[in-house]
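See below for the structure under consideration.
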Amino acid sequence: MEAIILQILNGLDKGSAYALIALGLTLIFGTLGVVNFAHGALFMIGAFCAVTFSRILTLSHTVVDETKTDFLGNPLKVDVPYLHDLFGQATGDAIIDWAVPLSILFTVPVMMFVGYAMERGLIKHFYNRPHADQILVTFGLAIVLQEVIKYFYGANPIPTPAPQAFAGSFDFGAALGFDPNLIIYPYWRIIYFVFAAVIIGAVFAFLQYTTFGMVVRAGMADRETVGLLGINIDKRFTIMFGLAAAVAGLAGVMYTPINSPNYHMGMDFLVLSFVVVVVGGMGSLPGAVLAGFLLGILESFASMREVLEILPGLNQIIIYLVAIVILLTRPRGLMGRKGVMED
Amino acid sequence: MLGLNKKDLQLMLIVTGLTMLAPFILNPFPESSGMAQFNAGYPDLMQRFVIFGIFAIGFNLLFGLTGYLSFGHAAFLGVGSYGAIWMMKLVTLNVIPAIFMGVIVAGIFSVAVGYICLRRSGIYFSILTLAFAQMSYALAYSVLTPITGGETGLQIKSTDRPLLSNLAEGETGRANLFGMDMRQSFELNVGDWLFTFNAGYYIAAVVMLIAFYISIRIFRSPFGLMLRAIKSNQTRMSYTGLNPRPHTLAAFVISGMYAGLAGGLLVAMDTQVGPERMFWTASGEVVLMTILGGVGTLIGPVLGAGVIKYMENILSKINKDVLHEWFAFMPDGLEDFIVFLVYPFIGKGWHLTLGILFMLVVIFLPGGLVEGGQRIGKWIKNRGKAKDTGGSTEPAE
Amino acid sequence: MGILEVKDVGKRFGGLQALGDVNLSVKENSVHAIIGPNGAGKSTLLNCLVGKLIPDTGSVMFDGQSVLGRTPHEINQMGISRVFQTPEIFGDLTVLENMMIPCFAKRDGAFRMRAIEDMMREKDIVEKAESMLKDMNMADKHHMHAASMSRGDKRRLEIGMCLAQEPRLLLLDEPTAGMARADTNNTIDLLKQISDERDITIAIIEHDMHVVFSLAQRITVLAQGTPLVEDDPENIKGHPKVREAYLGETA
């Protein structure tokens, strides 16, 4: 029982990331009909927004501290962040400590702009070209973005810690009445899951209850008709692309404490996210979210020791295996709509 | 001749000439000159040119003709490599059986994968092939370690005793063709130039020429016509009484066997294999090669493979110091500025150049470098004409 | 007994009864038109004949053999060719290549792998394709890209490709939809010529009454998924039921 709960919990954070990326992919695919191989790169750029933001916060100037000396006996030089000058030491440190959550504020506009630029500058010209061309050009773009990040930030992962307050773990076991220390779960992962749930909820609510969302949903169902109604659907789709980019970026920002960002993290997640989208059903938003969590949890179950003893290596292939079985038995995926990418 | 029309025969002869004279063509710069680092005429790289050329030719037979974009083709290359190395470890160090083994194993594997993946088309097909390749990679990396050597892969070791070899005790076997070592080279010094003629390269080059010839024949055959018909309009295809499924499967398997052939040859040259050969980035690379060179054209894939392997091995070696040396003639400030501008695109940043080049090709030149060449050729021709007839093209009224 | 016998065919889509108890008999070597207002089930019926849809009930017999449960290419190999509403041709290929494909399909069947022969050296195929193009008045367009032709030419090519297979039944789905008057008349003449010169049965679904009454020897009127009447053109024109269901609507 404890083991099962633990695996479900373990699957949730990875599942959250899958679900968020798959959600963005599906938004873009459903509205614009574009298969975006650069979506993983957006996730990665989001993560590096957090890195950049925390670097901005720790911008420092050197001050000579007369009271201390270094090992040579000279007065010690210390780097003092400008934030200390602005807000005093305690507040300044607190802000730096909270860099990751705070960088959300920085990431959203940046990602919206990146998404906007991508759609207007490149994707727009590919609406009427074959899906293979869309895959290829966004694949190329993904390589370019990845290399640009690598050039500026280097090839090594950059540790980006969560705020001190969330550094510990929560003892789920004790809370649920099991023995203590059986099911422990880092606070940050709980936060990540809650955060993902909020974002997903917000996206759905936005699509469900706003006029804008209604038009977009209608556009997803039947693009031509809405175009005929005289609604400027293209402009709305551009905004959708920005939104999808922001969702991917936020997923990336909040993931940094779980996994130190590196330049190829986007591609690593993208391959799996595509599988997730296909399993959920191309063009189905609930399908993408459901499949994301399902596959995340399935993956963590497959990495249990008991399972691996019977079927070694299962954790490595479970997602692909499920995808193959689903695609062959339910060609439209779990919740795919009829007529979406049938050929 | 050879059952080819005049144009194809010309192309075949040009390619034959280029591959046979490659040690000269790729080494145009004298050894002591600063440009020597652009010489690509060393055996290791030349082998890669032709082997990845084969891989790309095979990929083009599938994607170029039928339009099915496989994102997992490296799996067949990897499987072929594993097949070949086991043949060498267990049976004989002669490369021919090993290469055949690579082709056969990849062929069987591609029948199984193709049978399943081809039930879907479009993006679903791409994802399915990707899933299969990633699965193969993960399995080769972990569970199948007894067969694949896991992370470290497989090499020919001094303990390997192939059945049909008479190795001395403790001697490490070497890949050979009826006794001729693959690494055997003949070096020719002409003045300041050094040309290397490597046995392994010439064997791989001959195999590539055969593979290229077969691909021309397939392009011009009724079967090739059917494959192009599938790409163009599957509905009309089935309403013309043709069954698309066996056609695409046949193309998929042929393409997989080409990949296996390339995998077998890789093993024949360096007698080692690791699972990273099957990673999806390797599959992505063959896509890049084919598109860059010109998808659906005969020579494009070989060209693309050459360009990418050249960048990977030559462009990536240029570092900052070399750049400073080149631009040393400029005033200091300008020199630094130019180096600053150029540096991100070369050396370790060569992937960036590749990505940009690739995007430009997809956006502006769907026919790849081949189309680019044709356009330039046409432009020059037209310009020549315009000059000749410059006076008479004025509207006569 | 006609060459095509449709008996009690029914097809439901969810709650919608698209076809109910359709009976139809097409006589060999005749031109049979199926008309009806929008949503009468004409296209559904056609799709049931060529294997794209499988009817829920009833039977479809072609020359004494059932076509149900067979795939489109198998039905085509039995001798039924279909012309689409928007021309379905191989746009990326040249006109001659387009015409060669059905010739290969006729000679070699649904799948035969000839990967090493040169297709241009298959003399019989090339000759047949060229003569077929001549028949279609397209001899000068051999090396054109099929996609770059006018709609009328595409239609001619498609009909020619179907004829190259020497089918016994040619199905046409609104062959003149979206065509200019001149193109429509050309198509009518072409079809008349085909029906006169060849040993072929033509079944045509059409909206345009001009086309129908210039070509058809027999007409079936469909309304709301069931056949209303089946008769000769003269009788259909004056039929009160038809006027009510169909002609009245367009008048």
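The values are calculated or read from the model by the stated rules, or taken from the named source; none is laboratory data. Fair warning: this is a prediction, and the values are worked out from it, not measured in the lab. Glycine also receives a Cβ, built like all others from the backbone with ideal geometry; neighbour counts cover every protein chain displayed.
Worth pointing out:
Residue by residue, here is whether (1) outside any loop (DSSP other than H, G, I, E, B); (2) over 21 Å from the mean Cα position of the chain (by Cα); (3) buried (at least 24 other Cβ atoms within 10 Å of the Cβ) holds:
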residue	(1), (2), (3)
A:Ile4	yes, yes, no
A:Leu9	yes, no, no
A:Val35	no, no, yes
A:Asp65	yes, yes, no
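Yes or no, residue by residue, for (1) farther than 30 Å from B:Thr281 by Cβ; (2) surrounded by 24 or more Cβ atoms within 10 Å (Cβ to Cβ); (3) touching a Phe, Trp or Tyr at 6+ places or on another chain (Cβ under 9 Å):
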position: B:Leu4; (1), (2), (3): yes, no, yes
position: B:Gln10; (1), (2), (3): yes, no, no
position: B:Ser32; (1), (2), (3): yes, no, no
position: B:Met35; (1), (2), (3): yes, no, yes
position: B:Gly41; (1), (2), (3): no, no, yes
position: B:Ser70; (1), (2), (3): no, yes, yes
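- Among the criteria (1) surrounded by fewer than 17 Cβ atoms within 10 Å (Cβ to Cβ); (2) more than 20 Å from the chain's Cα centre (by Cα), the one C:Leu96 does not fulfil is (1).
- Matching option when the condition is within 14 Å of another protein chain (Cβ to nearest Cβ) and touching a residue at least 60 places away in the same chain (Cβ under 8 Å), among B:Gly150, B:Gly80, B:Gly191, B:Gly102: B:Gly150
- Candidates in the range A:39-53 are the residues that are surrounded by fewer than 24 Cβ atoms within 10 Å (Cβ to Cβ) and not hydroxyl-bearing (Ser, Thr, Tyr); of these, the one that is farthest from the chain's Cα centre (by Cα) is A:Phe53.
- The strands (runs of 3 or more DSSP E) falling completely within the range C:28-137 that include 1 or more residues that are touching a Ser or Thr at 6+ places or on another chain (Cβ under 7 Å) map to C:31-35, C:57-62.
- Scope the range C:138-155; condition part of a loop (DSSP other than H, G, I, E, B) and without any contact (Cβ under 8 Å) to a residue 40 or more places away in the chain; matching residues: C:Ser150
- If you go through the range B:1-23 and keep only what is in a helix (DSSP H, G or I), more than 14 Å from every other protein chain (Cβ to nearest Cβ) and either free of Cβ contacts under 8 Å to residues at least 60 places away in the same chain or of a type in the set (Lys, Arg) (or both), you end up with B:Gln10, B:Leu13, B:Ile14, B:Gly17, B:Leu18.
- Single condition B:Tyr124 does not satisfy, out of (1) surrounded by fewer than 24 Cβ atoms within 10 Å (Cβ to Cβ); (2) away from chain A (no Cβ under 11 Å); (3) within 30 Å of B:Ser232 (Cβ to Cβ): (2)
- Sole residue being within 24 Å of C:Asp189 (Cα to Cα) and not small (Gly, Ala, Ser), chosen from C:Lys134, C:Lys123, C:Lys106: C:Lys134
- Lone unmet requirement of (1) more than 9 Å from chain C (Cβ to nearest Cβ); (2) farther than 30 Å from B:Pro146 by Cα; (3) at pLDDT 95 or above for B:Ala250: (1)
- Positions within the range C:127-154 being within 11 Å of chain B (Cβ to nearest Cβ) and either among the acidic types (Asp, Glu) or under 23 Å from B:Asn5 (Cα atoms) (or both), in sequence order: C:His145
- Qualifying positions in the range B:105-121 - in a helix (DSSP H, G or I), crowded, with 20+ Cβ neighbours inside 10 Å and within 14 Å of another protein chain (Cβ to nearest Cβ): B:Val113, B:Gly114, B:Cys117
- Filter pass, C:Gln65 being more than 12 Å from chain B (Cβ to nearest Cβ), in contact with a helix residue (DSSP H, G or I) (Cβ under 9 Å, 6 or more places away or on another chain) and surrounded by fewer than 22 Cβ atoms within 10 Å (Cβ to Cβ): yes
- The range A:61-88, residues that are touching a Pro at 6+ places or on another chain (Cβ under 9 Å) and either closer than 30 Å to A:Phe195 by Cβ or modelled with pLDDT under 80 (or both): A:Val64, A:Asp65, A:Glu66, A:Thr67, A:Lys68, A:Thr69
- A single member of C:Ala33, C:Ala115 is within 21 Å of C:Gly20 (Cβ to Cβ) and either touching a residue at least 40 places away in the same chain (Cβ under 8 Å) or at the interface with chain B (Cβ under 10 Å from one of its Cβ atoms) (or both), and it is C:Ala33.
Condition check ((1) touching a residue at least 40 places away in the same chain (Cβ under 8 Å); (2) β-branched (Val, Ile, Thr); (3) within 14 Å of chain A (Cβ to nearest Cβ); (4) not in a helix (DSSP H, G or I)) across all residues:
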{"site": "B:Ala262", "(1), (2), (3), (4)": "yes, no, no, no"}
{"site": "B:Val287", "(1), (2), (3), (4)": "yes, yes, yes, no"}
{"site": "B:Gly333", "(1), (2), (3), (4)": "no, no, no, no"}
{"site": "B:Pro344", "(1), (2), (3), (4)": "no, no, yes, no"}
{"site": "B:Leu357", "(1), (2), (3), (4)": "yes, no, yes, no"}
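- The residues of the range A:232-271 that are within 14 Å of chain B (Cβ to nearest Cβ) and in contact with a Leu (Cβ under 8 Å, 6 or more places away or on another chain), listed by number, are A:Gly266, A:Val271.
- First in the range B:197-219 and away from chain C (no Cβ under 14 Å) and assigned to a helix (DSSP H, G or I), second anywhere and surrounded by fewer than 19 Cβ atoms within 10 Å (Cβ to Cβ) and of a type in the set (Ser, Thr, Tyr), Cβ under 8 Å, 6 or more apart: B:Ala199/B:Ser185; B:Leu209/B:Thr16
- The number of residues in the range B:291-311 that are part of a helix (DSSP H, G or I), within 14 Å of another protein chain (Cβ to nearest Cβ) and β-branched (Val, Ile, Thr) comes to 2.
- Residue within the range A:115-122 that is surrounded by fewer than 20 Cβ atoms within 10 Å (Cβ to Cβ), free of Cβ contacts under 8 Å to residues at least 60 places away in the same chain and more than 9 Å from chain B (Cβ to nearest Cβ) present: yes
- Checked against (1) in a helix (DSSP H, G or I); (2) more than 17 Å from C:His32 (Cα to Cα); (3) of a type in the set (A, V, I, L, M, F, W, C), C:Ile236 passes all but condition (2).
- Of all residues in the range A:307-343, those satisfying the criterion of being over 27 Å from the mean Cα position of the chain (by Cα), more than 7 Å from every other protein chain (Cβ to nearest Cβ) and at pLDDT below 75 are A:Lys338, A:Gly339, A:Glu342.
- Filtered residues of the range B:264-285 (kept if of a type in the set (Phe, Trp, Tyr) and outside any helix (DSSP H, G or I)): B:Phe279
- Residue that is surrounded by the fewest Cβ atoms within 10 Å (Cβ to Cβ), among those in the range A:268-309 that are touching a Ser or Thr at 6+ places or on another chain (Cβ under 8 Å) and part of a helix (DSSP H, G or I): A:Leu285
- Scanning the range A:128-141 for residues that are more than 8 Å from every other protein chain (Cβ to nearest Cβ) and touching a Phe, Trp or Tyr at 6+ places or on another chain (Cβ under 9 Å) yields A:Gln134, A:Thr138.
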